[in-house]
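Working notes for the structure below.
The values are calculated or read from the model by the stated rules, or taken from the named source; none is laboratory data. Quantities reported herein were computed from a predicted structural model and do not represent experimental measurements. Cβ atoms come from the backbone with ideal geometry, glycine included; neighbour counts cover every protein chain shown.
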Amino acid sequence: MVADLFTVRNRFIVFDFGFQSSDRYTCKMSEVLQSIRKVFKQKFNEQPLVIKAPGRINLIGEHTDYNEGFVLPAAIDRYIYFAISKSKTDRCNVYSLDMNEGVSFSIFDLNPGETWVNYLMGVLDGFERAGKPIHGVDCVFGGDIPAGAGLSSSAALCSGFAYGLNQLFDCGLNRVQLAKIAQYSEHEFVGLQCGIMDQYASLFGQKDNALLLDCRSLTHEAIPIKIPGYSFLLIDTKVKHNLASTEYNARRNACEQGVAGILAKYSDVRSLRDVTHSMLAEFKNDLAADTFVKCLYVVEEIRRTQQAVAHLKKKEWVQFGKLLFQTHWGLSQAYEVSCPELDFLVSMAEAETDSVIGARMMGGGFGGCTINLVKVEKLESFQRKVFDQYVATFKKEPDFYLVNLVDGVGGGT
């Protein structure tokens, strides 16, 4: 997808069968901020507003957001940073530090094209449609959200830019409204049929918490995530996905077709959120086989997400982890959005019973990362084993990211 353009030239992820210290990571991100401020000063000679927008992980609840179900995302300490100020004209002058590329356009000429600027134009158009017309801006942005890894760099871009515009022009929009504008940019303006989870998580994230998000009411419950002795390890397959592809959109269409068929008997059904396992079973012979299987996965995943939260609240970590494995194989075998690399990594994790209590593919699918709950003392040995076997099998090197749960979009430092 277009978000893949946000390649981080200097990755800042240290791979030596270990991980960078938090001090080292903070130092590197300080360098990013310094670079953004320096470039902004050189190009615009103004004092900018500085914003940081995090990427996100999703613990469980995959492909349920556009079915008005439940999801369990969290903001993570991988960011896109913005330096932004008013341009005092109708023109937006934007420079991507990671792409080493700048664009300039008028707010009166917001026409989708083929580059990353579509996302920013979509946000501007969203403000206009919300009755909050704004003027031009000068902006420099860059960050360290790995491209194509399923960590929602595009949502961070849209959410951070929307937050900055809201602050600069004193629009008075709340975070739900900003999430809707950010989603509008991706869903309507760019044309990616995404739900609202990614934008919501980037804006509402809470340190050391995941968010049980009700995608119908757009309300959430903060769920503390402190699993003693375990860390969240992301393993990047280095397989680049394209969520705007027909494969992703076909899954959404299958869900809509299933709901349309069920409506013939249950007129109060609005989405698969309203469908139980027994209700769906009544239509097994009426729906196309593939449509039925796709809908069954979503119905089960909505229920699985609620069960996962119950286990977390009771500190039943092993039971929680088992649900992650179940979600992966549902995504792989029923929803058919996995790939050989993702299945390989989850199979490896499932076999490491003394090291890993849960793992699954994360994101829309067809590539990206797996998320793994790994014992802290086993991190290095597990990483080494995965690296060796993955390279031997696929002839390419995976990347590894340890992540922490952080607050949502806000001022940079």
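Among the numbered conditions (1) farther than 30 Å from Ala210 by Cβ; (2) surrounded by fewer than 24 Cβ atoms within 10 Å (Cβ to Cβ); (3) at pLDDT 90 or above, tell me where Phe40 comes up short.
(2)
Which ranges mark the strands (runs of 3 or more DSSP E) fully within the range 159-269 that have 2 or more residues being crowded, with 22+ Cβ neighbours inside 10 Å and in the same structural domain as His63 (by TED's automatic domain parsing)?
Here the list reads 209-214.
I'd like to verify a number: residues in the range 91-127 that are among the acidic types (Asp, Glu) and surrounded by 15 or more Cβ atoms within 10 Å (Cβ to Cβ), how many?
2
Residue by residue through the range 248-262, note down the ones that are at pLDDT 95 or above and farther than 18 Å from Cys215 by Cα.
Keep residues of the range 248-262 that are at pLDDT 95 or above, which gives 254-262.
Listed by number, the residues that qualify are Ala254, Gln257, Gly258, Ala260, Gly261, Ile262.
Output the residues belonging to the range 270-286 that are of a type outside the set (S, T, N, Q) and surrounded by fewer than 21 Cβ atoms within 10 Å (Cβ to Cβ).
Those that are of a type outside the set (S, T, N, Q) and surrounded by fewer than 21 Cβ atoms within 10 Å (Cβ to Cβ): Arg270, Arg273, Asp274, His277, Met279, Leu280, Ala281, Glu282, Phe283, Lys284, Asp286.
Residue-wise test of (1) at pLDDT 95 or above; (2) within 27 Å of Thr291 (Cα to Cα).
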position	(1), (2)
Tyr335	yes, yes
Ser338	no, yes
Glu352	yes, no
Ser355	yes, no
Lys378	yes, no
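Please enumerate the residues belonging to the range 275-307 that are free of Cβ contacts under 8 Å to residues at least 60 places away in the same chain, among the charged types (D, E, K, R) and within 15 Å of Cys215 (Cα to Cα).
Step one: list which residues in the range 275-307 are free of Cβ contacts under 8 Å to residues at least 60 places away in the same chain, which gives 275-296, 299-300, 303, 307.
Among the residues that remain, those that are also among the charged types (D, E, K, R) are: 282, 284, 286, 290, 294, 300, 303.
Result: Arg303, single match.
Please enumerate the residues belonging to the range 308-317 that are touching a residue at least 40 places away in the same chain (Cβ under 8 Å) and either under 9 Å from Leu59 (Cβ atoms) or of a type outside the set (Phe, Trp, Tyr) (or both).
Applying the first criterion (touching a residue at least 40 places away in the same chain (Cβ under 8 Å)) to the range 308-317 yields 308-309, 312-313, 317.
Scanning the range 308-317 gives Ala308, Val309, Leu312, Lys313.
For Trp116, which of the numbered conditions (1) aromatic (Phe, Trp, Tyr); (2) modelled with pLDDT under 95; (3) closer than 30 Å to Leu272 by Cα fails to hold?
It fails just one condition, (3).
Would you kindly identify the helices (runs of 4 or more DSSP H) lying entirely within the range 304-413 that contain at least 1 residues that are out of contact with any Lys or Arg (no Cβ under 6 Å at 6 or more places or on another chain) and among the acidic types (Asp, Glu)?
Numbers: elements: 317-329, 340-351, 379-394.
Correct list: 340-351, 379-394.
Which residues, taken from the range 112-127, are in a helix (DSSP H, G or I) and in contact with a strand residue (DSSP E or B) (Cβ under 9 Å, 6 or more places away or on another chain)?
Val117, Leu120, Met121, Leu124 - these are the residues of the range 112-127 that are in a helix (DSSP H, G or I) and in contact with a strand residue (DSSP E or B) (Cβ under 9 Å, 6 or more places away or on another chain).
Which pairs do you get when a residue that is in the same structural domain as Asp144 (by TED's automatic domain parsing), found in the range 48-67, comes within reach of a residue that is among the acidic types (Asp, Glu) and buried (at least 24 other Cβ atoms within 10 Å of the Cβ), reach meaning Cβ atoms under 8 angstrom, with the pair 6+ apart or on two chains?
Arg56/Asp198; Ile60/Glu301; Gly61/Glu301; Glu62/Glu301; His63/Glu301; Thr64/Glu301
Would you check if there is a residue in the range 290-299 being of a type in the set (Asp, Glu), out of contact with any helix residue (DSSP H, G or I) (no Cβ under 7 Å at 6 or more places or on another chain) and at pLDDT 95 or above? Don't jump to the end; show me each part of the working.
Residues of the range 290-299 of a type in the set (Asp, Glu): 290.
Retained after the next criterion (residues that are out of contact with any helix residue (DSSP H, G or I) (no Cβ under 7 Å at 6 or more places or on another chain)): none.
No, the range 290-299 contains no residue that is of a type in the set (Asp, Glu), out of contact with any helix residue (DSSP H, G or I) (no Cβ under 7 Å at 6 or more places or on another chain) and at pLDDT 95 or above.
For residues that are surrounded by fewer than 16 Cβ atoms within 10 Å (Cβ to Cβ) and not acidic (Asp, Glu), tally how many sit in the range 308-318.
So the answer is 5.
Quick one: in the range 128-158, which of the residues that are β-branched (Val, Ile, Thr) and assigned to a loop (DSSP other than H, G, I, E, B) is surrounded by the most Cβ atoms within 10 Å (Cβ to Cβ)?
Within the range 128-158, the first condition is being β-branched (Val, Ile, Thr), and the residues that meet it are 134, 137, 140, 145.
Next, from what is left, pick out any that are assigned to a loop (DSSP other than H, G, I, E, B): 134, 145.
Details: Ile134: 18, Ile145: 25.
The qualifying residue surrounded by the most Cβ atoms within 10 Å (Cβ to Cβ) is Ile145.
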